[in-house]
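See below for the structure under consideration.
The values are calculated or read from the model by the stated rules, or taken from the named source; none is laboratory data. These numbers were taken from a predicted model, which means no experiment stands behind them. As a convention, Cβ positions derive from the backbone with ideal geometry for all residues, glycine included, and neighbour counts pool all protein chains shown.
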């Protein structure tokens, strides 16, 4: 696998939470084509706006982009970026399209799983077909054929320990899209390679249909992209609040265990909230991540 120059992809920081924002397609891969814009441009515009919103609202969050310009990034390299920086969340942004479906519009958010409908399978096939632009795709993806329905049977047997969190985020995203007056087409499952290869909660968002003329104009506009980014950011806020609440509860449990061990050994713990206490807790979290 060709590795990227990781130091140029994300900076080394001491942030507590990392989210990877993946703007689908790029470079030689335009994605779906509209009458006035290509999918890759829509995805990148929303991704960058989303990242800025998250950074503005969360000082403790590190935002990493799989691409921040119009360049081609292989599917497994996108997942590898997230895995290498030990991301806590992966959000992939895409734009939908259907042949002869000019009236179809709305948003969908996908989690990893077996496609239960032909419509969901078609979306996964279209998004996975990007691997055909990679010279060594047969070796990289172990003979996976994005255009063969038989290749997708493997997704029926996937056990994803992050499924509950992924579905929770996907549901919040769709709820926030609905609150932003976008048509809600629901939370769905399908076999997306980029989600399969990530090792953290992950979702793939279809922000609208470029094949719908009215929706395409909205997706191409700075205002439309900002509103969509804001809706996703609002959902991220809810997810992060839940994450922080669980971490705090876990921290209380860890503190109690540490206190009991310290008492048994005769050692004194640093005062709660002190610099020594904060440093100790960070070291405990880092130790857990390494395990």
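When only residues in region 114-124 that are in contact with a helix residue (DSSP H, G or I) (Cβ under 8 Å, 6 or more places away or on another chain) and part of a helix (DSSP H, G or I) count, which is surrounded by the most Cβ atoms within 10 Å (Cβ to Cβ)? My answer is 124.
How many residues does region 79-109 hold that are more than 10 Å from the chain's Cα centre (by Cα) and either farther than 19 Å from residue 37 by Cβ or assigned to a loop (DSSP other than H, G, I, E, B) (or both)?
Quick first cut of region 79-109, residues more than 10 Å from the chain's Cα centre (by Cα) only: 80-81, 83-86, 94-109.
If we keep only those that are either farther than 19 Å from residue 37 by Cβ or assigned to a loop (DSSP other than H, G, I, E, B) (or both) too, we end up with 80-81, 83-86, 97-106, 108-109.
Summing the residues that are more than 10 Å from the chain's Cα centre (by Cα) and either farther than 19 Å from residue 37 by Cβ or assigned to a loop (DSSP other than H, G, I, E, B) (or both) in region 79-109 gives 18.
Filtering 41, 74 for residues that are closer than 29 Å to residue 135 by Cβ, surrounded by 22 or more Cβ atoms within 10 Å (Cβ to Cβ) and assigned by TED's automatic domain parsing to the domain that holds residue 209 leaves a single hit, 74.
Of the residues that make up region 164-179, is at least one out of contact with any strand residue (DSSP E or B) (no Cβ under 6 Å at 6 or more places or on another chain), in contact (Cβ under 8 Å) with a residue 24 or more places away in the chain and not in a helix (DSSP H, G or I)? Full working, then the answer.
The initial filter retains those residues of region 164-179 that are out of contact with any strand residue (DSSP E or B) (no Cβ under 6 Å at 6 or more places or on another chain), namely 164-165, 168, 172, 175-176, 179.
In the following step, the residues that additionally are in contact (Cβ under 8 Å) with a residue 24 or more places away in the chain were identified as 165, 168, 172, 175-176, 179.
From what's left, not in a helix (DSSP H, G or I): none.
There is no residue in region 164-179 that is out of contact with any strand residue (DSSP E or B) (no Cβ under 6 Å at 6 or more places or on another chain), in contact (Cβ under 8 Å) with a residue 24 or more places away in the chain and not in a helix (DSSP H, G or I).
A count restricted to region 89-113 and to residues that are modelled with pLDDT of 90 or more, more than 18 Å from residue 25 (Cα to Cα) and surrounded by fewer than 22 Cβ atoms within 10 Å (Cβ to Cβ) stands at 4.
Okay, residues lined up against (1) farther than 25 Å from residue 101 by Cα; (2) in the same structural domain as residue 75 (by TED's automatic domain parsing); (3) at pLDDT 95 or above:
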| residue | (1), (2), (3) |
| --- | --- |
| 154 | yes, yes, no |
| 163 | yes, yes, no |
| 178 | no, yes, yes |
| 195 | yes, yes, no |
| 199 | yes, yes, no |
| 225 | no, yes, yes |
| 248 | yes, no, no |
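Would you check which residues across region 182-193 are at pLDDT below 95 and in a strand (DSSP E or B) and list them? Walk me through it before giving the result.
Pass one, region 182-193, residues at pLDDT below 95: 189-193.
Once the filter is applied, which keeps residues that are at pLDDT below 95 and in a strand (DSSP E or B), region 182-193 yields 189, 190.
Taking the listed residues 237, 244, the one that is modelled with pLDDT of 65 or more and under 14 Å from residue 91 (Cβ atoms) is 237, with no other qualifying.
Applying the selection to region 39-67, what residues are without any contact (Cβ under 8 Å) to a residue 24 or more places away in the chain and either assigned to a loop (DSSP other than H, G, I, E, B) or touching a helix residue (DSSP H, G or I) at 6+ places or on another chain (Cβ under 6 Å) (or both)? Residue satisfying the conditions is 59 alone. Looking only at region 197-222, which residues are in contact with a strand residue (DSSP E or B) (Cβ under 6 Å, 6 or more places away or on another chain) and part of a helix (DSSP H, G or I)? Result: 215, 219. Kindly indicate whether any position in region 231-240 is buried (at least 21 other Cβ atoms within 10 Å of the Cβ) and touching a strand residue (DSSP E or B) at 6+ places or on another chain (Cβ under 6 Å). No: zero hits.
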